[in-house]
Each structure stands twice: as C-alpha cells, then as structure tokens.
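Report on the structure given below.
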Ligand SMILES: Cc1cc2nc3c(=O)[nH]c(=O)nc-3n(C[C@H](O)[C@H](O)[C@H](O)COP(=O)(O)OP(=O)(O)OC[C@H]3O[C@@H](n4cnc5c(N)ncnc54)[C@H](O)[C@@H]3O)c2cc1C
C-alpha cells in the first residue's frame with residue numbers, strides 16, 4: 001500500500017534546523033521492549049541513547065497490573081530474556097510481582113538506569129527531513145532530538161471500559177483490573193466482574209473465597225487448558241543456579257510446547273488442523289474435570305468459536321469458581337448499570353457493592369499503537385495512516401515514509417510463544433539498521449517501498465493458512481482483529497523464522513542515505 005495514496009493534511013511543526021541531535025537513539029517506554037532494546041544497543045557498543053518513560057519505575061505491564069492472582073500465562077522459563085535466565089522464579093508460572101522485580105534487576109545489572117528519564121510522557125514525534133532527525137515533544141513542553149527513534153510503548157497500556165449504559169450512575173466502587181486499587185477491600189462484599197478473558201481467569205479464583213457474593217457477566221467464554229503450574233522447590237532453584245544449562249534445557253522444552261500451542265495451532269491451522277481439535281478436546285476435558293456433573297454450566301462455558309481465534313489461557317481452578325455457593329455465572333446480556341448494580345436484559349437487577357471491569361485493553365486502534373502521534377517525512381501521522389490503510393509494517397517494525405523509526409510491537413509482529421522472543425528479534429533488527437547507518441556514515445534509513453509492499457502481500461498470503469481465516473472466529477469478539485477485519489496481532493511465522501530473518505535479512509532492503 002503506497003503511502004502517497006493517503007490524502008492527509010501536512011502537519012509538521014515549523015522549527016529551526018537541528019545541527020546535532022541530542023542523542024543517537026531515543027527509546028520511548030521502559031518495559032520489556034524498551035529495556036531489551038537498550039541492552040541490545042549497549043551490547044553493540046552504542047551508548048548514546050536515552051529511554052523516556054512516563055511512569056516512575058521500569059516494568060510497564062508488570063509495574064501497572066496488580067490485580068489479585070496476576071501471573072504470567074506462558075511458563076517463566078520461556079517468558080524471560082534468553083540471555084538473562086532467572087533461577088529464582090518461585091513457580092513455573094511466576095506471579096506478576098516477580099516479573100516486575102525481574103525487570104528492575106535486569107535494568108540494574110545491564111546499567112540501563114542512568115539512561116532512563118522517568119516521568120516524561122511523549123505526546124508527539126516528528127521527522128525533520130532537513131536534518132534527518134526526530135523531534136520528540138514531551139508533555140512537559142520539552143523537545144528532545146534523536147537520529148533514531150524506537151517506539152517501545154507496548155500494546156496493552158490503555159484499559160478499555162465496556163460500552164455499557166449507566167456506568168457513571170453506579171453508586172458503589174468501580175475498578176478496572178488495569179488500575180487495581182488495594183484500598184477497596186472485597187472482603188464480605190457483593191462483587192460483580194464484567195468480562196471472562198485471560199484476566200478474569202486469574203482474578204476470579206483469587207477473589208471468590210473472600211467475597212460475600214460474586215456475579216460474573218460473560219459475553220464470550222474462553223478456551224482454557226490445564227496449567228502445568230507448581231512451586232519450584234529450593235533445591236531445584238539451587239540446581240539452576242549451579243547449572244544454568246539445565247535451566248536452558250527446560251526452557252527449550254517449554255519453548256516447544258508454547259510454540260506448538262500458541263503459534264503453530266493458530267498460524268499453521270490449515271496444515272495442522274488436528275492440533276486445534278486436540279486443544280479444543282483438552283479444553284473441554286479440563287472444564288469437565290473441574291465441574292463434574294454440571295452440563296448446565298458446560299453448555300454456557302463452552303466457546304462457540306475455534307481455539308486460537310482469541311487468546312486462550314491456562315487454569316486449574318477458574319471453572320471451579322462457578323460451582324461455589326457464593327458465585328454465579330450470568331450469560332444474559334447486560335441492559336445497563338444502575339445506581340445499585342447490574343440490570344440484565346431479562347429484567348433482573350443484580351445488587352453490587354464493587355463493580356470490576358475485566359474488559360481488557362484497546363489494541364490496534366489509533367491513539368494506542370503508538371500511544372503518541374508520529375509524523376513521518378511525508379507529513380502523515382502513522383496512527384491515521386494505519387487506521388485508513390490497514391495495519392502494515394515491514395517485519396512488523398518499519399514503515400516507508402517513517403525513516404529512522406522502529407516500532408517494537410507493530411502490525412503482525414507478535415510471536416505467541418512469548419513476547420520476549422519478539423522483543424529480542426526486533427531489537428536485533430533495529431540495532432542492525434542503526435549499526436549499518438553508522439558504518440556507512442548514513443543519517444537516514446528507510447525501508448524500500450517495494451520491499452515493504454512485497455512483505456505485506458506475503459503476510460496476507462500467509463494469513464490464508466491461519467485459524468483466523470479458516471476456523472469459526474466470527475463469535476470470538478477477539479482483540480486479535482482490528483476494524484478492517486484483519487488480525488494484525490500475531491505474526492504468521494514461527495519464532496525460529498522471525499529470529500533468523502532479524503539476524504540475516506538483506507540490509508539493502510533499506511535505503512541508507
Ligand atoms: C496483564 C497482562 C499479562 C500478560 N501476560 C503475558 C504472558 O504471560 N505472556 C506473553 O507473552 N505476554 C503477556 N502479556 C503481553 C506482554 O508480554 C506484556 O504486556 C509486556 O510486558 C509488554 O512489554 P512492553 O515493554 O512492550 O510494553 P509495556 O509493558 O506496556 O511497557 C510500555 C512502557 O511504555 C510507557 N509508555 C507508553 N506510552 C508512553 C508515552 N507516550 N511516553 C512515555 N512512556 C510511555 C509505559 O508507561 C510503559 O512503561 C501480558 C500483558 C498484560 C497486560
């Protein structure tokens with residue numbers, strides 16, 4: 001898709017020419033992506049960089065999400081940097097707070113803290129064609145200039161409130177899981193949870209024993225597999241410390257399982273439809289085991305869409321919640337929120353003291369990805385371009401018209417095996433471009449239009465194999481899909497291919513000038 005076809009106002013701010021940029025590289029965001037890129041830059045001897053982070057700590061998702069029960073849903077052996085294995089995880093699926101500490105330890109160990117400017121929110125970035133630099137406008141009114149800009153602002157950072165009438169009328173407490181409030185105790189209260197996605201799967205078993213009554217409002221059920229979770233005993237953690245190779249071997253095993261369940265099943269559905277059928281059977285079996293003799297609940301909790309259309313999850317105790325005396329699964333659609341609770345379309349009012357929104361995040365939407373305006377050499381704002389012309393980026397990272405710009409979570413970038421794999425692949429790719437620019441003494445790096453277009457055509461072709469276009473996804477209400485009906489969340493390739501391409505793609509796919 002040629003950017004020239006977009007009819008958009010030219011919106012570049014008139015500014016004096018930049019003689020020397022403040023930094024060679026600016027990274028926006030200090031979560032897993034930002035830290036991973038910073039470490040890659042340092043490992044290649046590039047030290048003139050800063051990270052701009054709007055919060056006051058590193059960790060992104062794992063700093064912000066503090067709801068009860070939060071944990072990773074990919075094993076911690078796989079959900080971590082390959083170069084920084086952590087022998088101290090307390091469980092196979094570590095709780096969220098351990099991930100937050102992990103990011104802090106990594107930032108300290110690799111000397112990233114001196115590069116971070118906390119409390120700086122970026123509102124806009126513009127490419128200056130006369131100097132081949134980015135001007136980055138912060139909310140505090142400062143302008144920072146950089147030769148290269150890396151966008152590491154993540155995807156799941158804007159909690160989404162459901163579009164239900166009357167939310168403002170509710171007189172009790174309302175919480176979104178992305179902004180958890182410890183000051184609101186749930187003990188002995190009547191609690192309603194709206195949403196039954198991956199967050200609710202973790203939240204409900206943690207809060208159900210405390211509350212007086214729990215109403216769970218479900219629109220779309222989730223596919224859930226058994227979670228092979230357990231405490232990692234002290235002797236095993238000591239063994240991992242003494243023999244890191246043993247932990248790497250375990251990681252290799254969990255990588256393969258994760259790649260099969262989260263990638264191969266969804267991305268190569270046409271080649272391996274039996275894998276999806278096997279996962280669906282395992283999901284049903286998990287539900288039956290947790291809720292023996294409850295066909296009334298089985299019917300309501302069985303997804304009407306295929307496994308993989310929406311992010312599946314893992315749990316050994318989520319379904320059990322609905323067998324509790326103090327919990328109820330409500331599948332009648334919500335009419336509105338009232339002053340006192342939730343009114344369903346059948347006319348029943350469910351009285352509530354605390355209303356919890358487990359309704360996820362905005363994802364591929366303008367204003368979220370990226371979380372600030374990005375104006376390229378053509379004067380076109382990237383979010384508007386994507387919104388109008390479909391989400392697209394070479395290798396999920398670079399876009400013609402946006403020189404010296406690398407987005408870590410771009411369209412079709414995420415490898416379902418683990419977010420860390422994508423971060424490692426993309427940071428290698430970005431730093432290769434930056435290094436090559438240094439070597440050629442070039443100040444401008446841009447992906448060739450024809451290479452990008454060929455890549456996007458290939459992505460669309462590969463999409464034809466995915467579960468998204470072949471299985472029954474219509475009823476999934478999945479955040480994998482955008483408003484165009486595309487599914488730009490997942491990269492249609494294996495993680496091995498992604499890493500190989502990051503390391504070996506022909507660097508002349510880019511124009512260096
Ligand atoms: C609850 C939850 C659980 C998850 N569990 C898993 C899992 O088990 N497995 C998996 O593979 N993935 C998981 N993910 C997805 C993904 O792995 C995480 O979201 C991951 O932490 C993303 O890392 P990131 O650095 O790209 O983004 P983030 O962690 O979102 O960090 C982005 C950073 O950028 C900052 N920022 C954003 N905008 C601006 C701006 N304009 N100016 C300055 N700073 C800005 C933010 O403050 C934040 O610190 C999960 C996501 C969530 C929300």
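Every number here is computed from the coordinates shown, using simple stated rules; none is lab data. Since the model is a prediction, treat every value here as computed from it, not as a measurement. FYI the Cβ positions are ideal-geometry reconstructions off the backbone, even for glycines, and counts take in every protein chain you see.
List 285, 433 from most exposed to least, where exposure is judged by having the fewest other Cβ atoms within 10 Å. Ordered from fewest to most neighbouring Cβ atoms within 10 Å, 285, 433 come out as 285, 433.
Take every DSSP beta bridge whose two residues both sit in the chain; close to 40 percent of them are antiparallel. Each of the peptides 455-462, 344-351 was scored by the mean count of other Cβ atoms within 10 Å over its residues; in descending order, highest first, they stand as 455-462, 344-351. Going by Cα centres, the stretch 382-409 and the stretch 216-259 are how many Å apart? Measuring centre to centre over Cα atoms gives 34 Å.
Here the Kirkwood formula puts the hydrodynamic radius of the stretch 165-216 at 11.9 Å, using every distinct Cα pair. Helix 495-504 and the longest principal axis of the Cα set of the chain meet at an angle near 10°. Pairs of Cα atoms nearer than 8 Å and 6+ residues apart set the relative contact order; for the stretch 314-458 it is 14 percent.
State whether the stretch 82-220 is rounded, prolate or oblate according to the following rule on the C-alpha gyration tensor (a ≥ b ≥ c being the square roots of its eigenvalues): a/c under 1.5 gives rounded; otherwise a/b larger than b/c gives prolate, and the remaining case gives oblate. Oblate, since a/c reaches 1.5 and b/c is not below a/b. For the chain, the longest principal axis of the Cα atoms and the long axis of helix 32-43 meet at an angle of about 30 degrees. Secondary structure note: in the stretch 188-346, about 20% of the DSSP beta bridges are antiparallel. Helix 419-439 against the longest principal axis of the chain: what's the angle in degrees, Cα atoms only, rounded to the nearest 10? Orientation of helix 419-439: about 0 degrees from the principal axis.
When you work out D = kT/(6 pi eta Rh) for the stretch 331-442 at 25 °C and 0.890 mPa s, using the Kirkwood radius from C-alpha pairs as Rh and the Stokes-Einstein form, the result is 140 µm²/s. At a threshold of 8 angstrom on Cα-Cα distance, excluding pairs fewer than six apart, so keeping six or more, what relative contact order does the chain reach in percent? Taking the mean separation of contacting Cα pairs over the length of the chain, I get 21 percent. Here the translational diffusion coefficient of the chain follows from Stokes-Einstein with Rh set to the Kirkwood radius across Cα pairs; for 37 °C and 0.692 mPa s it amounts to 136 µm²/s. Protection proxy ranking for 466-473, 302-309, using the average of other Cβ atoms within 10 Å per residue and placing the highest first: 302-309, 466-473. Computed packing ranks the peptides 386-396, 28-38 as 28-38, 386-396, most packed first, by mean other Cβ atoms within 10 Å. Ellipsoid semi-axes for the stretch 89-129, based on the Cα gyration tensor and the rule √(5λ), read 31, 14, 10 Å when sorted largest first.
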